[in-house]
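Reviewing the structure listed below.
The values are calculated or read from the model by the stated rules, or taken from the named source; none is laboratory data. What you see is a predicted model, and the numbers here were worked out from it, not measured in a lab. Note that each Cβ is placed from the backbone with ideal geometry, even for glycine, and that neighbours are counted across all protein chains shown. SASA here: full protein model, heavy atoms, side chains in, ligands and nucleic acids out. Shrake-Rupley method; radii C 1.70, N 1.55, O 1.52, S 1.80 Å.
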Amino acid sequence: MPFSERNQLRNHFVLGFVPFGGCFDDFIKPFIEEMKQLEEGKIMDIQGNKSLVIASIGDITADLPQGNDMAGVKRHGATRGCRTCNATKDSWTANNLDLLLISRYKHLADKQFEEISAAPMITRCKEIATEHGLQLQPPILDYLRWERHLQSPQDVYHATAGKVLRLLKMTIESFTLEGKSAFLANWKTFEYPRTWHKLPNPISHIDSFMMSDCLQLAMIFPFILNRFLKHHHFKQSELTKLQHRMGISRNDSATNLWIRCWSVVARTMVTVFKGSFTEDDYVELRECLDNERKLLSQMFEEFECLLNLHINFHLILHAKNYATLLNTSVGMKEMIHRIFKNIVPRTNLKDVSLDLLRRYNTLFALRYLMDGGTDFQSSKSSSGFMSISQHLKRLMSDWFIAKDKKVNVMNDGNEDVNEGINN
Ligand SMILES: [Zn+2]
């Protein structure tokens, strides 16, 4: 298939896996075996034509620890716990990182894995693994063709929400009682967009904030602060700490810096979640990410050497590789997960994977028909929608395994449509 057709959106499939605490390697083995066959190419019958179908892995997304596991890198508590580069923990937010020099490259990591497996003693194996921040064995996905460090991009959704939640907690902690009540008063009266759901109280319910709540609040936070914030709303000890770190003497400057910090975070957030990028947008993205990293790590000790902030270095690369950061964000996976999870209670739980597959196939068939039955990848159009009433019963029944419930495929052209819907 030519590249122009291969890169069509419909040739990419999002697959979600939820091992529910099971061993990932055991869980993913059947998938790896099937993908291996598809990498070699499989002859399939497509609309009556025998076609060679080839598929391979495009990208994996996961939260931070699981993503590191899948790339064969130690978790983020380790000295070299970043799956995209070799930077050590103490320099994660440093200004002088030379990314080209310290990035993880597959051919180099391959050699390091060989070195680990060739070591004579297990203690030596562990030493070498620690030195490189790698696991003792290459990840199971290495059975497939993939570039483990490029095709496992960092997740912008978790990283951004993590940063915002940390800053939110720190800001609220730094307020005096008067500061907290002034904040709440302004938070309650803020003119929210009508489509937003009501946010929980950020002072009393901060622990039940979900990631999406954090992101929503971060959008309006600088505006709220700008409306009321004065230096006496902060505990003096917090202002002194900040003045000391930033080398400033006035309380007002420290307060303004706090507002500026929130506005930089909010602006970065808007940029990283953009749905499309022009060349200028990529430049802006780099500037925002750099500004945010520098300002947060300079202002607060809690952000120094924080992996979520270090990821800012890599997001620009991921954005360029995958066009946007949304394409590879876990938010996409979470949506697929939610759709499937909501389907499960509506099945009869006899054979969930078969039911899900059946439902998924049906939805795809419906989407195809809704689109006018035309598939741009084949020149044939379908008359499926014209005769949908004749096939409705077959389409809508038979979703779940049940006794004595067979539909005669040969006769379903004569079926009663209403009966089909009620079934
Ligand atoms: Zn890194």
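Which members of segment 8-67 meet the condition of being among the aliphatic types (A, V, I, L, M), closer than 20 Å to residue 158 by Cβ and open to solvent by less than 80 Å² (accessible area, probe 1.4 Å)? Steps first, please.
Restricting attention to segment 8-67, the residues satisfying the condition of being among the aliphatic types (A, V, I, L, M) are 9, 14-15, 18, 28, 32, 35, 38, 43-44, 46, 52-55, 57, 60, 62, 64.
Subset that is closer than 20 Å to residue 158 by Cβ: 14-15, 18, 60, 62, 64.
Across segment 8-67, the qualifying residues are 14, 18, 60, 62, 64.
Between a residue in segment 83-111 that is more than 17 Å from residue 146 (Cα to Cα) and any residue that is more than 13 Å from the ligand (Cβ to nearest atom) and open to solvent by 80 Å² or more (accessible area, probe 1.4 Å), which pairs come within a Cβ distance under 7 Å, given they are 6 or more apart or on different chains?
That search, which allows pairs on different chains as well, returns 93/304; 95/294.
Could you please give the count of residues in segment 91-137 that are aliphatic (A, V, I, L, M), more than 30 Å from residue 290 (Cα to Cα) and touching a strand residue (DSSP E or B) at 6+ places or on another chain (Cβ under 9 Å)?
The qualifying residues number 2.
Anything in segment 86-139 that is assigned to a loop (DSSP other than H, G, I, E, B) and charged (D, E, K, R)? List them, or say none.
Let us first name the residues in segment 86-139 that are assigned to a loop (DSSP other than H, G, I, E, B), namely 86-88, 92-98, 104-105, 119-121, 133, 135-139.
Selection gives 98, 104.
Give the residues of segment 197-214 that are within 25 Å of residue 331 (Cβ to Cβ) and open to solvent by 60 Å² or more (accessible area, probe 1.4 Å), sorted by residue number.
The answer is 197, 198, 205, 207, 208, 210, 211.
If only one of 78, 71, 161 is crowded, with 22+ Cβ neighbours inside 10 Å, within 16 Å of the ligand (Cβ to nearest atom), among the aliphatic types (A, V, I, L, M) and under 24 Å from residue 312 (Cα atoms), which one is it? Outline the logic, then answer.
Working: 78 fails: crowded, with 22+ Cβ neighbours inside 10 Å; 161 fails: within 16 Å of the ligand (Cβ to nearest atom).
Answer to the check: 71.
Please count how many residues of segment 24-70 are of a type in the set (Ser, Thr, Tyr) and at pLDDT below 90.
Step one: filter segment 24-70 for residues of a type in the set (Ser, Thr, Tyr), giving 51, 56, 61.
In the following step, the residues that additionally are at pLDDT below 90 were identified as 51, 61.
Qualifying residue count, segment 24-70: 2.
Considering only residues of segment 140-149 that are in contact with a Lys or Arg (Cβ under 8 Å, 6 or more places away or on another chain) and part of a loop (DSSP other than H, G, I, E, B), which is most open to solvent (accessible area, probe 1.4 Å)?
Per the criteria, the residue is 147.
Of the conditions (1) away from the ligand (no atom under 16 Å from the Cβ); (2) closer than 22 Å to residue 64 by Cβ; (3) over 23 Å from the mean Cα position of the chain (by Cα), residue 119 clears all except one; give me its number.
(2)
Test each condition in (1) open to solvent by 40 Å² or more (accessible area, probe 1.4 Å); (2) more than 14 Å from the ligand (Cβ to nearest atom) for residue 129 and report the one that comes out false.
Of (1) open to solvent by 40 Å² or more (accessible area, probe 1.4 Å); (2) more than 14 Å from the ligand (Cβ to nearest atom), only one is false for residue 129: (1).
Please identify the pairs in which a residue from segment 228-251 that is assigned by TED's automatic domain parsing to the domain that holds residue 169 has its Cβ atom under 8 Å from the Cβ atom of a residue that is loosely packed, with under 13 Cβ neighbours inside 10 Å and not in a helix (DSSP H, G or I), counting only partners at least 6 apart or on another chain.
Filtered contacts from segment 228-251: 243/249; 243/250.
Of the conditions (1) part of a helix (DSSP H, G or I); (2) in contact with a helix residue (DSSP H, G or I) (Cβ under 7 Å, 6 or more places away or on another chain); (3) open to solvent by less than 70 Å² (accessible area, probe 1.4 Å), residue 178 fails just one. Which one is it?
It is condition (3) that residue 178 fails.
Among the listed residues 84, 61, identify the single one that is within 14 Å of the ligand (Cβ to nearest atom) and among the polar types (S, T, N, Q).
Being within 14 Å of the ligand (Cβ to nearest atom) and among the polar types (S, T, N, Q) holds for just one of 84, 61, which is 84.
Filter segment 87-98 down to the residues that are touching a helix residue (DSSP H, G or I) at 6+ places or on another chain (Cβ under 9 Å) and open to solvent by 50 Å² or more (accessible area, probe 1.4 Å), then identify the one that is farthest from the ligand (Cβ to nearest atom).
95
All but one of (1) farther than 26 Å from residue 300 by Cβ; (2) surrounded by 12 or more Cβ atoms within 10 Å (Cβ to Cβ); (3) of a type in the set (A, V, I, L, M) hold for residue 101, so report the exception by its number.
(2)
Any idea which of 169, 106 is open to solvent by 20 Å² or more (accessible area, probe 1.4 Å) and within 16 Å of the ligand (Cβ to nearest atom)? Steps first, answer last, please.
Working: 169 fails: within 16 Å of the ligand (Cβ to nearest atom).
The conditions single out 106.
Looking only at helices (runs of 4 or more DSSP H) that lie completely in segment 245-346, which have at least 2 residues being more than 16 Å from the ligand (Cβ to nearest atom) and buried (at least 18 other Cβ atoms within 10 Å of the Cβ)?
Ranges flagged: 251-272, 279-299, 330-343.
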